[in-house]
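Any read-out appearing in this document is the output of simple, stated calculations on the displayed coordinates, not a laboratory observation. If you're wondering where the values come from, they're calculated on a predicted model, not measured in any experiment. Cβ placement follows ideal geometry from the backbone for every residue including glycine, while neighbour counts extend to all protein chains displayed.
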Amino acid sequence: MKIYTKTGDKGKTSLVGGKRVSKGHDRINVYGTVDELNSFIGMIRDHNSDEGMDKVLHKIQNELFVVGSRLASEAGKSPNYLSEIDNEQIIFLEGAIDSMNEELEPLKNFILPGGHPLVSYCHIARCVCRRAERLAVNLAESEELEENIIVYLNRLSDFLFTLARKFSKDLGVDEILWSSK
């Protein structure tokens, strides 16, 4: 199988199902951003030494492939073979957030990204996740979009923020508190 098909050389690509759209289409922008997010989570996994968290991140990467695949399908026409993002995945993220929060000091200030490369990667992934969420909301204003995709991305950004805090604690790195002065 050749990697290049030349079918996109004129700025068009196909959605799952065959419909051709511009590579600048809102749907392409959001699933491309989800792909970017998945890559950053892969980088976090590459620098993480916590085996339990690696399994969680691997699960999230697989779920992001589902999100991307559903976004790459025509509105309301995701193939039956694609699983859905349902409340189970959202509840899993909430449980992971709650579990990490049990180990952390209550947040009393805004914190700045940084302190350790792994912490910074989490914050970059969080920002990319928020962008994906904004793009998904924008798409939902003009096309049918599964509500749980937006909820999942929202919860995932919270997870990534909390993960950054957890890694700061685990690595013995002070969180960088924001000061308005």
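How far apart, in nanometres, would the label points at His58 and Ser14 be if each is projected 7 angstrom from Cα along the Cα-to-Cβ direction?
Here the modelled spin labels are 3.2 nm apart.
By per-residue mean of other Cβ atoms within 10 Å, what is the highest-first order of 36-43, 9-16, 86-93, 103-110?
36-43, 86-93, 9-16, 103-110
Could you tell me whether the range 43-84 comes out rounded, prolate or oblate from its Cα gyration tensor? Rule is a ≥ b ≥ c as square roots of the eigenvalues, rounded for a/c under 1.5, then prolate if a/b exceeds b/c, otherwise oblate.
The shape class here is prolate.
Rg to Rh for the range 26-96: what is it, with Cα atoms only and Rh by Kirkwood? Intermediate values should be presented prior to the final figure.
On the way: Rg = 13.3 Å, Rh = 13.1 Å.
Here the Rg-to-Rh quotient is 1.01.
Tell me, what is the FRET efficiency for His47 and Phe92 to the nearest 0.05, using R0 = 22 angstrom and their Cβ-Cβ distance as r?
0.45
Using a Cα-Cα cut-off of under 24 Å, which lysines could be cross-linked to Lys23, ignoring same-chain neighbours fewer than 8 residues away?
In chain and number order, the partners are Lys2, Lys6, Lys10, Lys12, Lys77.
For the range 104-144 and the range 20-42, what is the separation of their Cα centres, given in Å?
The distance from the Cα centre of the range 104-144 to that of the range 20-42 comes to 16 Å.
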